[in-house]
Amino acid sequence: MRTFRDFVMHRWASVGRRMPRYAGPGLLVALALALAGARVFAANPVNASADNGNVANSAPAGADAAEIARGAYLAKAADCAGCHTAAPRVTRPGAAPMLSPPFAGGLGMTSPFGTIYSSNITPDPQAGIGRYSYDDFARALRDGVAPGGKRLYPAMPYPSFARITDDDMHALYAYFMHGVQPVATPAPETRLPFPFNQRWVLMFWDWAFAPRGVFKPEAGRDAQWNRGAYLVQSLGHCGACHTPRGPAYEERGYSESSAAYLTGGTNDHWFAPNLTGDRGAGLGRSSAADLAAFLRRGHGGGLITFGSMVQVVEDSTQYLNDADLAAIAVYLKSLPPRAESGRFDGRSRAAQQTAQALKTGDVERPGAGIYASYCARCHQMDGAGVPQKYPRLAGNPAVLSSSTTSLVRLLVEGGGSPHTQDGPESRKMPSFAARLNDREMAHVLTFIRNTWGNAAAPVTAKDVSGVRAALHK
Ligand code: HEC
Ligand code: HEC
Ligand code: HEC
């Protein structure tokens, strides 16, 4: 059975890549649905900090307080609140309470086919999941099938949640039944036009692509590595953004046994970089301690998180304990270099020469002048940034990535570093949409990708205009 499925997966993938128009109509619909799901997942625009008032006061019935507390922690690790809480909300710690009730769903996620709303997953018996048995809950999370046989769009990351252990699933269930305040307002119904409303078609997608079976510890690895692998592959669903997607928008692998796993993916015009040991655009030069700090505060080794990773840190990873963050870092650091791109050599002669030239203002290269007038005030002439305030650009893997989508988007929209419980104050990166044209953006990006010892492919004005057109900005 397993080999047959693998065979079909392989066939489908290769058919899709080479000649998509020969796929049967059923497959095409499944494909489109998968696409909808993936895009929707990606477009997840709003996340929530559900720390305020999400714990019901009622005494737990049938589940002990420790189990509920463990479930609450696991719900953070899985970022359930991020997708299941509607806007508007407040993420800044210590700010006014959230305006939308946590877990009541209704977060609208735009897809090319219409809006998909996340479900109310509070324990209200009518509007929420109060009538779910444990088995209903586990099936929805692992197989993407709600009671009554309703297939969920893969906007809900069930392919990753399939790996959640029974123990953790029980704790999550206890938390959602007894630790979350019920909300009686139903989430708006998702109404996609035909054929995208034909949820049953997702059966084929699930059959071909969704992995089955809970996480099995790797015998040759120690407990810390296995804990990290488990958190990354199951609850953390890191691959949903960091793994490239195939022709049906399936993630190309769900564990390190797949060559493409965590080698970088683009979702909603943010490129989530290569997390393998690549020494250029990957994590090869980052220490485990820096990675743990990055996940806790959004700051690590001079890097600062930006783009869609900001919400992951604010809503999820900042709440993980030190042991779990260390385990994730150890697991990521164990991934061998794959899909290598970009290089960094801070001690090269070229690096020394540019450093000298930048100091004396004596640089003729296109982009250098723009960098000096618009960027150096924060990122500094030597590209080293300012600790706890502005990221370094020298040797920064995100700057060296094979895809420049995130870099363009950040220049166009600007950004803000994350607000966390014990991290540095949030700082803004201004938008340059009104100040730099496509050619100037291409020049300054090419400049930062090839200065201070950085070496990565140039960025063209066409690359910039492509991303701007897609963003409508
Ligand atoms: C990346 C976004 C995302 C995350 C993270 C997420 N969900 Fe969902 N979930 C969704 C969306 C979107 C739907 C609705 C899908 C649909 O209508 O097909 C959904 C549906 C569900 C449903 C089905 C409810 C029903 O009957 O309609 C349950 C149960 C659920 N989620 C529980 C959870 C839990 C528990 C977690 C955390 C462990 C979680 N989800 C994390 C996006 C997410
Ligand atoms: C919603 C999409 C999304 C999810 C889910 C996600 N990431 Fe990210 N991640 C990104 C993006 C986009 C970036 C690039 C911006 C940056 O460097 O902060 C990034 C950057 C990173 C970086 C820095 C990489 C570098 O080279 O600078 C690390 C480390 C990381 N993510 C780890 C994780 C881990 C671990 C998880 C799972 C717990 C995870 N991410 C889940 C989108 C995501
Ligand atoms: C006012 C200070 C400021 C200026 C001016 C500025 N930046 Fe930034 N930059 C930041 C901050 C703050 C971040 C972190 C943003 C985030 O977390 O969303 C950042 C992030 C970045 C990143 C992502 C790197 C990372 O690891 O976070 C790049 C690339 C970047 N800036 C390039 C530029 C370029 C190119 C210019 C000039 C055109 C520029 N910046 C001007 C403050 C600034």
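Work out how far the C-alpha atoms of region 343-471 reach from end to end along every principal axis, then list the three figures in whole Å, largest first.
39, 38, 26
Filter LYS333/LYS389; LYS76/LYS462; LYS428/LYS473; LYS389/LYS473; LYS333/LYS462; LYS333/LYS359 down to the pairs with a C-alpha to C-alpha distance above 30 Å, please.
LYS76/LYS462; LYS333/LYS462; LYS333/LYS359, as the Cα separations exceed 30 Å there.
May I ask for the distance between the Cα centers of region 164-181 and region 452-470, given as a whole number of Å?
Centre-to-centre (Cα) distance: 45 Å.
From the P(r) of region 401-473, can you give the percent of Cα pairs sitting at distances over 15 Å?
56 percent
Could you check the simple spin-label distance between ASN197 and GLN388, using points 7 Å along Cα→Cβ, in nm with one decimal?
Between ASN197 and GLN388, the simple spin-label model gives 5.6 nm.
Read the figures in this text as sums done on the coordinates, not as results from a lab. Computed from a predicted structure; not experimentally measured. Heads up, the Cβs are rebuilt from the backbone with ideal geometry, glycines too, and the neighbour counts pull from every protein chain shown.
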